[in-house]
Each structure stands twice: as structure tokens, then as C-alpha cells.
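What follows is a set of notes on a single structure, which appears directly below.
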Amino acid sequence: MTSVLDLAGIFVFATSGALQGVRKRLDVVGMAVLAFFTAVGGGVLRDLFIGIQPAAFRDVGYLLVPVAATAVVFFWHPQVARLMPAILVFDAAGLGLFCAVGTEKALLFGLSAPHAVLLGVCTAVGGGILRDLLSGETPALLYDRQLYAVPAMLGATLMAVLSRLGVYDFAATLAAALLAFTLRLLAMRYSWRAPLARGVTTPE
Amino acid sequence: MTSVLDLAGIFVFATSGALQGVRKRLDVVGMAVLAFFTAVGGGVLRDLFIGIQPAAFRDVGYLLVPVAATAVVFFWHPQVARLMPAILVFDAAGLGLFCAVGTEKALLFGLSAPHAVLLGVCTAVGGGILRDLLSGETPALLYDRQLYAVPAMLGATLMAVLSRLGVYDFAATLAAALLAFTLRLLAMRYSWRAPLARGVTTPE
Amino acid sequence: MTSVLDLAGIFVFATSGALQGVRKRLDVVGMAVLAFFTAVGGGVLRDLFIGIQPAAFRDVGYLLVPVAATAVVFFWHPQVARLMPAILVFDAAGLGLFCAVGTEKALLFGLSAPHAVLLGVCTAVGGGILRDLLSGETPALLYDRQLYAVPAMLGATLMAVLSRLGVYDFAATLAAALLAFTLRLLAMRYSWRAPLARGVTTPE
């Protein structure tokens, strides 16, 4: 069962994948491939690492939503690109939601709290990594310009802590998602960066 | 059980991987790695997404055929490269066969028709994507020059429709494979292309 | 259960991943991602191909060791880089250990000897391939400068042969690991290379 929120997150991530396809001047097939993997790639990796069949290959919603996002970008990409600032906010919302949901699912299947946090982050950022690999770029995540993985990690950690305290319900998911979402917005607003190793300077 | 046809498809795809290794001036180990992943990569991904152990790691044929293809290319690659037009025809045959067989297997394991079509396409094109990623190129599939994924998608769709109609046997596989094969040949002959998003022009 | 030797191998591989992160001027998050995938990537792929849940997502040691390696490289990378010749020896030790252990695990789960050898090699070299893909380089393994995969293949083959002969214990693992380790050191010392296809010359 995919909730409306989950599908909304998938739509936002799929849009970012399809837009990358337009930037790379791919045709509609390439756009759809990028949209699909950006949207569900993180969850697919999480499920493989948990050792279960990826949900994206059982639930038709995971398939139709990226197709719909591709169609929207195909016909109206100039308008969608103009909405980019709004999309970054939605992307932050997707990041928050996916890290919370991913952590919860990993805990549900009996993984340790540290592994659940790792898989929460994987759910949130894995799709973007696949998108970048497939379109021939070094994954943006690795540079973590303006903290991206770190907010997801802190949201996932909150989720794991709340679960340990017995708070397993919707409130926990919401709190974790909100934490990651807020930190991500603050990181973008104030250009927060993760530290480089001692003596290493930022590439130009 | 791998049929003779399946192994023939694997041989063709492995040859294309090994040739890419020669073009990239890789040594024999690199050639073998590319041959193996090009040939079985799509099926391995399909099986992981279905949630079963990849057949390529159970059946020794999947291992020996890429090794044989590597040996052939290692000693006779100028002759093999000269056969390239013929190889493109064989590749189209492999594409047709793999999309039909992949869809059938996904349906057999109870996936929905749209997912089965997706996995049929994945079987047909996944190996080529891995080959390109491993050898440091943007996946050719993403550009879909002269329709490659689309014929596979239509062949897979025919397979899924025939299965729904109760036609599960060899005739269905053959019809689906032939459809994809023919469409692919026509796409090469007439340079059919998938459309780009509105206002986007082909890269030079 | 992860043995001390296994964790030592993971530490060495994680160090090589974190150092690549420094070379690429990634921040600490990127370093940790590379450290983790370099160290456990080969084993994760092996387990997925065997069809079981990857051990790296069950055992907390697989998570903490890469984090520790990242911290060491983060603070002391000039000193670690100066140890590079020593690290290449440790890397060869990791290569030997991982190919032996990987082959053993695959045999234990009932895979055929050729597949077990393949998965032994995959365990030994898969992490390095992922490290290179994620950091935007063509996998060094594909070029196999100074034999890297071949020693692992021979070590894995010895392991498979000894297992067939009924020698399943620690001595077999040690012998296989030592063979791969020694061959790798000799390959570095005498610049052994795998052959290129007939008529192909080394790039530049």
C-alpha cells in the first residue's frame, strides 16, 4: 500500500529525473528511465539490502507516477523548470518523507538501528545517485553541496530513536520527516556544507 | 534450463560487450567482465527485481558462453568487427528474444502486466546499460538513437497481452520476439527516433 | 559472525575508498559513502547474487569499521597517503582474504564451483569497481594494470579445488588467500599485465 504522501514524493523525484533528461537532451525514453530510477531507485536498493522483493515492482502506482511525471515534463518542461525553486522545496519534502519511511521499513524487518538509519538515508538519496550515474555525472550527493545526506541522516536517526522509545506511529514519521525537511531548507538557505578533510580546499 | 535460443542471445550480447572492451583497449580481463555483464546483466537485474536468485549464478551456461565469446573476440576481433552489420541483426534478435523471455518470467512469478513489461525491457536493455556504465560511457540506451527500448517495450507488451489471453506457449514468445526484432530492424533501416521534449533539439 | 581478519580487510578497503574521496576533494559525507561501498560493495553484490540478505546490513561491524576508517583518513590523510606502499600490501592481503572467503560462502550456499570462483572474484574486486563508478572514473579493474583480478581468480580457484577435495577448514582459506596475496605482490613487483586482444596496443 502506497500512501498519497509516498506517491507525492515519488512524483517530485520523478520530475527531477525527467528534467535532468531534458537538460541532457535525452529523448522521451531516456527521460522516462531517469524519472523511474530517480523516483524509486532508493527504495529498490533499500528493499534489496533488506532482502525482500522491491515494492516498486509489486505496486503499479510506482510505475504510473513516473510515467505521469515524464509526460508533464515532456510537454511543459519550460514551465516546470521555472517552478524550480518550488521544486527544491518539494524535493526537500521528499527527502524528509523518504528517510523517515525508509528507516521505519528497515526497523520493521528487524534490522539494527544503525542499519535502519543507513537504509533510511539510502531510500532518500539512492535515486538521485542512480540518476546521476545513468546520465553520466559524478553523483551530486558525493559533494553534498549544501547538506543533503546529513539532514536525511538526522531525520532517520530521530525516527530510529523514537521507534526505540516505542513511538512507532504516524507522529514519529511526521516528526522525523519534518526534522530532515527543515534542516534541508536551512542548509539551502544558509549554504551549510559538510567539512572537507584537513587541508583539502573546495574544488575551485 | 537455458534453451539454445537463450544461449545464442547471450553469445551475441557477450560479443558486443567484448568488442566494446577492444574498442576501449581493455585487456582480456576487462573484456571478459564487459562480455559477462552485457550478456547476463539484464537478466540478473530482472531476477533481483522479481526477488529470486539470478539464474546466471545457477546455470553454468551463462558463465561459459561469455567466456567463449571473449575468446573469439580476443583472437579474431578484426574479423568479428567486420561482421558488425550482421551482429546488429543478431543483436536485434537478442533484443526480441530477451524482451519476450523476460516478460514471460516476470508474469510467471506473478508480477502485474505493466511490471512484467518493464522487466521484459529491463532484460533486453539492462546488460547494455551496465556495459556502458562500466566502460565509462553514458548509456547509449538513454539516447535511444534509432529506437532500441521502444521495440522491446512493444514486444513485451504483445507478450503480456497474449499471456492475458491465455496464449502462454512457444508461439506467444515467438510472436513477441518477432515483433520486437522486426521493429528494431525497421528502426535501424529508417532511422526511427523517439521524440525529444518540446523545444529541445538533438545534440548536434 | 565477522572474524577479525574480515574486519581488517574491510578497514583496508574502506581506507582506500576514503583516500579516493580526499583525492576527489569530496567532503566527509562523500568520503564515508566511498569508504562504505569500497569495503562492503563486493560482499553485498555476492550476497545479492547468491540470493540472500547482504551480511553488511545485518552486522554492525560492517558499518562501524568504514566509519572509523573515514575518521582516520579525515584527520590524518597526509600520513595515511604516505603509508601508501604499505597500504598496497594490505590491499593485496584484503584481495586474498576476500576472494577466499567469498568463494567459500558461495560454495556453502550450493553454487557450482565456476560460479563460486566468479563470486569470490566479485567479493574481492566488486567494492573497487563501485568506488570507481561512484567517483566518476572508469573502473581501474577493467584495465587490470598489474594483474588484480587474475590473482583473485587463481586464489578463488584454489579454494574451490580444495573444497572439492574435502579440505574445507581454515587451512584451505589461508592457502587460497596466500596464493592470491603472493601473486598480487609479484604482479606489482614485476608489472605483470594481462594480455590485450591481438593487434591492440596499450593506451598511450
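The values are calculated or read from the model by the stated rules, or taken from the named source; none is laboratory data. Quick caveat, the model's predicted, so the values are computed rather than measured. Reconstructed Cβ throughout: ideal geometry from the backbone, glycine too, with neighbour counts over all protein chains shown. Only protein heavy atoms, including side chains, enter the accessible area calculation; ligands, DNA and RNA are left aside. Shrake-Rupley method; radii C 1.70, N 1.55, O 1.52, S 1.80 Å.
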> Hey, how many Å between the Cα centroid of region B:162-189 and the Cα centroid of region A:129-170?
Replying inline: 42
>> Distances in nm, one decimal, shortest first, from residue B:186 to the same residue in every other copy, taking the label point 7 angstrom along Cα→Cβ.
In response: 5.9, 5.9
> So what is the accessible area of region C:4-190 per residue, in Å², with the probe set to 1.4 Å?
Replying inline: 37
> So which residues in region B:54-93 end up with at least 20 square angstrom less accessible surface once the other protein chains are there, compared with the chain by itself, probe 1.4 angstrom?
Replying inline: B:57, B:60, B:63, B:74, B:75, B:77
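Given the C-alpha atoms of region B:1-102, compute the convex hull and give its volume per residue in Å³.
It comes to 90 Å³ per residue, whole-number rounded.
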> So what's the projected area for region B:4-190, the Cα convex hull averaged over all directions, in nm²?
Replying inline: 9.9
> Once you have the alpha carbon radius of gyration of the protein assembly as shown, what is it after dividing by 2.2 N^0.38 Å, with N set to its residue count?
Replying inline: 0.94
>> For region A:107-124 and region A:1-71, what is the centre-to-centre distance using only Cα atoms, to the nearest Å?
In response: 20
> Which of the residues in region C:140-188 lose at least 40 Å² of accessible area when you go from the chain alone to all protein chains together (probe 1.4 Å)?
Replying inline: C:142, C:143
> Which residues in region B:9-28 place their backbone N less than 20 Å from a point set 7 Å from the Cα of residue C:140 along the Cα-to-Cβ direction?
Replying inline: B:25-28
>> How big is the dipole moment of the protein assembly as shown about its Cα centre under a simple scheme where the beta carbon of each Lys and Arg is +1, that of each Asp and Glu is -1, and everything else is neutral? Debye, nearest 20, please.
In response: 960
> Residues of region C:12-43 with accessible area at least 40 Å² lower in the all-protein-chain context than alone (1.4 Å probe)?
Replying inline: C:25, C:26, C:27, C:29
> Put +1 on the Cβ of every Lys and Arg and -1 on every Asp and Glu Cβ in region C:4-190; which of C:155, C:80, C:168 then has its Cα farthest towards the positive end of the dipole?
Replying inline: C:80
>> Give me the summed buried accessible area for the C-A pair, 1.4 Å probe, to the nearest 100 Å².
In response: 2400
> Using a 1.4 angstrom probe with every protein chain in place, what is the largest-first accessible-area order of A:131, A:23?
Replying inline: A:23, A:131
>> At a threshold of 8 angstrom on Cα-Cα distance, excluding pairs fewer than six apart, so keeping six or more, what relative contact order does region A:1-116 reach in percent?
In response: 33
> Carbon and sulfur atoms: what percent of the 1.4 Å accessible area of region C:4-190 do they account for?
Replying inline: 74
>> With n ≥ 4 as the cut-off for DSSP H runs, can you work out [θ] at 222 nm for the protein assembly as shown, using -39500 (n - 2.57) per run divided by the number of residues, rounded to the nearest 500?
In response: -25500 deg cm²/dmol
> Label-to-label distances across copies for residue C:75, with labels 7 Å out along Cα→Cβ, in nm, shortest first?
Replying inline: 5.8, 5.9
